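Below: one structure, written as structure tokens.
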Amino acid sequence: MPSARRTPSRRTGEPRKPVTPAYFRTATLDLHEFEPEAAYEGLAFTGLDLSGRESESLEIAQCRFRSVDLSGSLLPHLSLTDCQVQTSNWANVRSDGGAVHRAIFEESRMTGFTVTDGKLSDVAFDQCRLDLSGWRFTAFDSVRFTGCNLAGADFTNADLRGARFSNCDLTGAQFHHADMDGTRFRRCELDGIAGITSWRGVIVHADDLPALSYTLAAGLGIKVDLE
């Protein structure tokens, strides 16, 4: 069975920013179609419809995506390095074994976005819609979620030791068998989360304790008398 636990420790600090070129070349559909095997570098993808693409081996480095529709694409073994994604639609993009390194996702729709048995390092998600996203068996190293909708997200068997969540909606998120020693939560919605027994070693802001208390009690078999 695959496992995300590959290193003894993870970094929870601020992610390093992407290293981007001073000048981006303009990407076009006729030249940059996301073929079954492709590598792109130093390109600006702007306003393009790349939805429903399939690429078995796709390497993208030092690229910028702005208002790009990549929804429904199947991109196993995706390699994304030093990239910026802004106001784009990456809903239901799937990548098994994908790797994202030094990347920023901003104000993008990523409902159902799925990375299975992958690795994320130095990645920031800001104000993104990531509800129903999937991260099973994926390792997080210096990854930050800020102001994101992660309702119903699935972190089963993920290595979250290097992840931080701030002002995120995690209602109904799944954390079964996740490694969470050192994972940080600050002012998040935590109602109805599952897999609370995996939360040993988590660092939670005091403001989150009231909402979390009932979930903790249920996970420990404690009955709460409201009379």
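Under the simplified labelling scheme, the ASP191-LEU216 pair shows an inter-label distance of 1.9 nm, with each label point 7 Å from Cα along Cα→Cβ. Spacing of the modelled spin labels on GLU56 and PHE24, each 7 Å from Cα toward Cβ, amounts to 3.0 nm.
The loop-placed GluC sites (Glu not before Pro) in the stretch 7-111, going by DSSP, include none that has at most 11 neighbouring Cβ atoms within 10 Å of its Cβ. Each Lys and Arg contributes +1 and each Asp and Glu -1, all at the Cβ; summed about the Cα centre of the chain, the dipole is approximately 720 debye.
With the contact rule set at Cα under 8 Å and sequence spacing of 6 or more, what percent relative contact order holds for the chain? Dividing the mean separation by the residue count of the chain yields 13 percent. Taking all protein chains together and a 1.4 Å probe, the residues ASP117, ASP208 rank ASP117, ASP208 from largest to smallest accessible area. Give the carbon-plus-sulfur fraction of the accessible surface of the chain in %, rounded to a whole number; probe 1.4 Å, heavy atoms of protein chains only. Percent of accessible area from carbon and sulfur atoms in the chain: 49. Between the entries (i) 67, 33, 30; (ii) 58, 46, 28; (iii) 55, 44, 32, the label attached to Cα extents along the principal axes in Å calculated for this structure is (i). Over the chain, accessible surface divided per residue gives 47 Å², non-protein components excluded, 1.4 Å probe.
Accessible surface ranking for SER142, SER67, 1.4 angstrom probe, highest first: SER67, SER142.
The values are calculated or read from the model by the stated rules, or taken from the named source; none is laboratory data. Since we're looking at a predicted model, the values are computed, not measured. Every residue, glycine as well, gets a Cβ built from its backbone with ideal geometry; the counts of neighbours run over all protein chains shown. Areas reflect the complete protein model, heavy atoms only, side chains present, ligands, DNA and RNA absent. Shrake-Rupley method; radii C 1.70, N 1.55, O 1.52, S 1.80 Å.
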